[in-house]
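Have a look at the structure below before the remarks.
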Amino acid sequence: SNTKGLAYGMISALAFSMMGFIVHSSANIYSGALLLYYRSLLGIIVLFPFVYREIPSLLKASSKMIWFRSIAGALSMSCFFWTVQRTSVGNARVLTNVSPVFVLLLSWYFLSERVTKREILGIIIVICGALNLRRFGTETISPEVFSIGILGSLFMSLAFFSLRKTSQKNTHNLIIWC
């Protein structure tokens, strides 16, 4: 139902916000790589009971797209953790949320999907907003942090972009677990 989907979306947003806060708060204590390792390990353990029967399918030749999605997702999370440890959680989330622009551009380029004038206007607004972080934000974002944040957004868009093919061959539980 719509209410159930909305509830899952809210729980997911809350969990990602809490994760960003924890990563940012512990920047001086733990490395981003260690935090990413524990976050991934926790995800593997919690979701394992839902996917253990499907794990052998990951060894088939037809599983290339889920591996692509997994690697793109891991690189995206690595960039996000690195970024959030060097700027505010809000700035890191804004940079991460540029990913729909890349998804739209990838869909246009690879799938020949039509881009409307409204979507082009949205792309311009999102890009201007992200670029203005450096100018009007409460803290200065270095070009390095900005670039890694945008790179993470690109990796996230690749993970999103691969969902169409991945979901045709794998269950949603396995896709989430990977």
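The values are calculated or read from the model by the stated rules, or taken from the named source; none is laboratory data. As the structure is a computational prediction, the values presented were derived from the model and not from experiment. Positions of Cβ are backbone-derived with ideal geometry, glycine not excepted, and every protein chain shown enters the neighbour counts. To get the accessible areas, we keep the full protein, side chains included, count just its heavy atoms, and leave off ligands, DNA and RNA. Shrake-Rupley method; radii C 1.70, N 1.55, O 1.52, S 1.80 Å.
On the given criteria, is residue 103 part of a helix (DSSP H, G or I), open to solvent by 30 Å² or more (accessible area, probe 1.4 Å) and in contact with a Leu (Cβ under 7 Å, 6 or more places away or on another chain)?
The answer is no for residue 103.
Checking residue 82 against (1) under 12 Å from the mean Cα position of the chain (by Cα); (2) at pLDDT 90 or above, which single condition isn't satisfied?
(1)
Picking from 112, 157, 153, which residue would you name as being open to solvent by 20 Å² or more (accessible area, probe 1.4 Å) and either touching a residue at least 24 places away in the same chain (Cβ under 8 Å) or not charged (D, E, K, R) (or both)?
Unique residue meeting the criteria: 112.
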